[in-house]
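Colleague: Take this structure first; my questions come after.
Each reported figure results from applying straightforward, stated rules to the coordinates on display, with no laboratory input. From a predicted model like this one, the values you see are computed outputs, not experimental measurements. Glycine gets a Cβ as well: all are built from the backbone with ideal geometry, and neighbour counts include every protein chain shown.
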Amino acid sequence: MPHILVDNIVKTFRIAQRRPGLWGALHGVLRREYRTIKALDRVSFELEPGELVGYIGPNGAGKSTTVKVLSGILVPDSGRCEIDGRIPWRNRISNAANIGVVFGQRTQLWWDLPVIESFDLLRDIYRIGSGEYLRARDELAALMDLEPLYDVPVRQLSLGQRMRCDLAAALLHAPSVLFLDEPTIGLDAVSKLAVRDFIKRLNRERGVTVVLTTHDMDDIEALSDRVMVIGHGRILSDSTLDDLRARVTRERRLIIDLLDEGQAIEDPDVTFISRSGNRVHLQFDPDRVPTAALISRITAKYAIKDLFVENPPIEEIISRLYDEHELR
Amino acid sequence: MANPLALYSHYVSISLRSQMQYRVSFLLGTLGQLFSTGVEFIGILALFDRFGSLNQWTLAEVAFFYGIVNVAFAVTDMLSRGFDHVGQLVRSGEFDRMLLRPRSTVLQLIGQEFTLRRLGRFGQGAGVLLWATLYLDIAWSPSVAALIVITVCCGACFFLGLFINIGTVSFWTTETLELMNVLTYGGIEASKYPLAIYHTWFRRFFTMVIPMGCVTYFPVVAILGRSDPLGTSLAFQYAAPLFGLLYFILSLFIWRLGLRHYRSTGS
């Protein structure tokens, strides 16, 4: 049995329409008109225990609705969903005890309190035994260097420190699933790496199943093998990152550092993308021209200092996928 | 390990500590409450100074009504701030966080804030109640003493029910809350005077629809040992506070309906 089962979930919202102006407001009080929006349109997927999946899509595509359904906040119109055999919206409380949720934009810690007091309160909220609690807390503190932060009121933490504390707070009760909503948003480079590293270890070493929602494609690249893309409430793609790449575009990047700045590279099999100083970005299709042949042709013709081949950045792949589905 | 009561006391201790961070604000708030409710009572004094009595109710009797309502309401007021903020919590997404925790939303909302400065109101109400008790010739017996305690407890439950109602309404709209305040604060003001002085429709509304009279007027009549001008029996007067408790239980059910609505619409 899969760890998380989502089967044909449909969720529609009715949005009250407002007319402009004072008359519109009065009209709205008397008779409201509604517009129906399909936030989730037959969404299905399965996650095995210990999977780490990236869940991406433009704003309003249905990402957070999915997380809300899985965490028991929202009841869907139809469809089946189970986490460890529990139906989230029917067993909200036992499901909540089994999952952890982190919102990058909002803290679950108590603003005026020292970090340690929030942790202590969560111990009581989640009914964690005191032995288990201390073990979990110390372990998380060691992994993310939290001890120096224990006595600091949450409002005085930097964003990176706060995120580390929030991650720990969501894990004190040893959930088997962790939902992360933009865990690296707004963080500096060092904090981002620390957070990613922690998530990776959590997943590899403890086998926690992770659903990672993000707009930061570096998160996806660094963390997840499997990527689900949602748009218009539908799963548009569910595959490994490499497969997604291969399906959307075969193209590769050829980056060349020229010895001579004034030079231009011309070859029938490459297209020019950009140039900065003596570095030139080109693009080619390895199906049309073998990479090795192209490289030897170019090195023979031009004076080259350095050269490397890359996959196109994941942002571009996603943006192509969105274009295909007219998501803009 | 961490039953609801233990968790609640943890919430309270945290809430107290964060209020103590702003000590001056707490002191001023408490004093402010004491004075504003004090001025309210001076209004009543002035009224009796001018007219002597109110439909055969003496000042001490009205003070007893006033005191018991204020004590019960102050207890609720300390517990129920969270329900005032449901609309705000829903809009900010904080309410979703409560649903993410393996605890009842009602417990979490009550735990959200323990408003200590309401001690001002409590102290003032208790003072007036004490004065009225000493002044009045109450025929003390275990059952009368018990009735006083039950009335305050059921009264606090009833008021909590009203606040839960306000919170519930904000699952649907944030616009009509002023109307709800008429029911709560208006009703509380009204119940500081004996119900018998009001119009029939008003009395009926606050007995049968919103049983405010059941946790104030009727039991107090029995405590004062008066015969009720409205003609109710002693047995009813003793049983009346239970309707306050019933109202509270009913409001919990309605809360669950509101919660179901919220969880299916997400707004």
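Colleague: Using the alpha-carbon centroid of each, what span in Å lies between the range A:200-220 and the range B:143-173?
Modeller: One Cα centre to the other: 47 Å.
Colleague: At a Förster distance of 30 Å, what's the computed FRET efficiency of B:Asn55 paired with B:Trp131, Cβ-Cβ distance as r, to 0.05? Display every interim value, and only then the final one.
Modeller: Numbers: r = 22 Å, r/R0 = 0.72.
That pair, B:Asn55 with B:Trp131, gives E of 0.90.
Colleague: In a GNM of chain B with a 10 Å cut-off on Cα contacts, which of B:Thr133, B:Thr207, B:Thr173 has the highest mean-square fluctuation?
Modeller: Of B:Thr133, B:Thr207, B:Thr173, the most mobile in the Gaussian network model is B:Thr173.
Colleague: As a test of the formula, what do you get for chain B when each DSSP H run with n ≥ 4 contributes -39,500 (n - 2.57) and the sum is divided by the residue count, at 222 nm and rounded to the nearest 500 deg cm²/dmol?
Modeller: Values: 16 runs with 194 residues, N = 267.
That comes out to -22500 deg cm²/dmol.
Colleague: Can you bin the range A:1-139 into rounded, prolate or oblate? Criterion: square roots of the alpha carbon gyration tensor eigenvalues sorted a ≥ b ≥ c, rounded for a/c under 1.5, prolate for a/b above b/c, oblate for the rest.
Modeller: Values: a/c = 2.58, a/b = 1.50, b/c = 1.72.
Oblate shape, in that a/c is at least 1.5 and b/c is the bigger or equal ratio.
Colleague: Please go through the range B:148-241 and write out the GluC sites (Glu not before Pro) that DSSP classes as loop and that have at most 13 other C-beta atoms within 10 Å.
Modeller: Values: sites: B:Glu175, B:Glu178, B:Glu189; in loops: B:Glu175.
Within the range B:148-241, the qualifying GluC sites (Glu not before Pro) (loop, at most 13 other Cβ atoms within 10 Å) are B:Glu175.
Colleague: Working out 0.36 nm times the residue gap between A:Arg201 and A:Arg90, then minus their Cα-Cα distance, what length gain in nm do you get to one decimal? All intermediate terms of the calculation are to be shown ahead of the outcome.
Modeller: Values: separation 111, 0.36 × 111 = 39.96 nm, distance 3.18 nm.
Full-extension gain reported as 36.8 nm.
Colleague: In the range B:245-266, whose amide N lies under 19 Å from the spot 7 Å out along Cα-to-Cβ of B:Val149? List them in ranges.
Modeller: Taking a point 7 Å out along Cα→Cβ of B:Val149, the residues of the range B:245-266 whose backbone N falls under 19 Å are B:245.
Colleague: For the range B:1-99, give the magnitude of the charge dipole about the Cα centre (Cβ charges: +1 Lys/Arg, -1 Asp/Glu; no others), in debye to the nearest 20.
Modeller: Values: 6 positive and 7 negative charges, 65 e Å.
Dipole of the range B:1-99, to the nearest 20 debye: 320 debye.
Colleague: Nothing charged except the Cβ atoms of Lys and Arg (+1) and of Asp and Glu (-1): what's the magnitude of the dipole of the range A:138-212 about its Cα centre? Round to the nearest 20 debye. It would help to have the intermediate numbers written out before the result.
Modeller: Working: 9 positive and 11 negative charges, 50 e Å.
I would put it at about 240 debye.
Colleague: Using a Gaussian network for chain A with springs between C-alpha atoms less than 10 Å apart, which of these wobbles most: A:Ser276, A:Ser191, A:Ser176?
Modeller: Between A:Ser276, A:Ser191, A:Ser176, it is A:Ser276 that shows the largest mean-square fluctuation.
Colleague: In peptide A:121-129, what is the residue-averaged number of other protein chain Cβ atoms found within 10 Å of each Cβ? If you can, show how the numbers build up before the last one.
Modeller: Details: counts 7, 1, 4, 11, 10, 4, 7, 2, 2.
Mean shielding by partner chains, rounded to a whole number: 5.
Colleague: For a label point 7 angstrom out from the Cα of B:Ile138 toward its Cβ, which stretches of the range B:58-77 have the backbone nitrogen within less than 14 Å?
Modeller: B:60-72
Colleague: Please name which of A:Val67, B:Ser13, A:Leu22 has its Cα lying farthest along the dipole of the protein assembly as shown towards the positive end, using unit charges on Cβ (Lys, Arg +1; Asp, Glu -1) and the Cα centre as origin.
Modeller: Positive-most Cα among the choices belongs to A:Leu22.
Colleague: Here's another thing I want to ask about it. Size of the dipole of the protein assembly as shown about the Cα centre, Lys and Arg at +1 and Asp and Glu at -1 on the beta carbon, nothing else charged, in debye to 20?
Modeller: On the way: 62 positive and 62 negative charges, 386 e Å.
The dipole magnitude comes to about 1860 debye.
Colleague: Also: Could you check which residue among A:Leu149, A:Leu258, A:Leu122 shows the biggest mean-square fluctuation in a GNM of chain A with a 10 Å Cα cutoff?
Modeller: A:Leu258
Colleague: In addition: Considering the dipole of the range B:4-261 built from charges on the beta carbon (Lys and Arg +1, Asp and Glu -1) around the Cα centre, which of B:Gly93, B:Leu116, B:Gly155 is farthest to its positive end?
Modeller: B:Gly93
Colleague: Along the charge dipole of chain A, which of A:Ile116, A:Ile4, A:Ala264 sits closest to the positive end, that is, farthest toward it, with unit charges on the beta carbon of Lys, Arg, Asp and Glu (+1, +1, -1, -1)?
Modeller: Farthest towards the positive pole: A:Ile4.
Colleague: Calculate the FRET efficiency for B:Phe35 and B:Glu178 from the Cβ-Cβ distance with a Förster distance of 35 Å, rounded to the nearest 0.05. The partial results should precede the final answer.
Modeller: Values: r = 25 Å, r/R0 = 0.73.
According to the calculation, E is roughly 0.85.
Colleague: Kindly list the residues of the range B:92-130 that lie in the label zone of A:Arg106, defined by a backbone N under 11 Å from the point 7 Å along the Cα-to-C-beta vector.
Modeller: Correct set: B:92-100.
Colleague: Using the basic label-point model (7 angstrom from Cα toward the beta carbon), what is the A:Trp23 to B:Gln21 distance in nanometres?
Modeller: Distance between the two pseudo-spin positions: 5.1 nm.
Colleague: Give the shape of the range B:162-267 as rounded, prolate or oblate, defined through the alpha-carbon gyration tensor: a ≥ b ≥ c are the square roots of its eigenvalues, a/c under 1.5 means rounded, and otherwise the shape is prolate if a/b is larger than b/c and oblate if not. Before the final figure, lay out the partial values.
Modeller: Working: a/c = 3.57, a/b = 2.08, b/c = 1.71.
Note, shape of the range B:162-267 comes out prolate.
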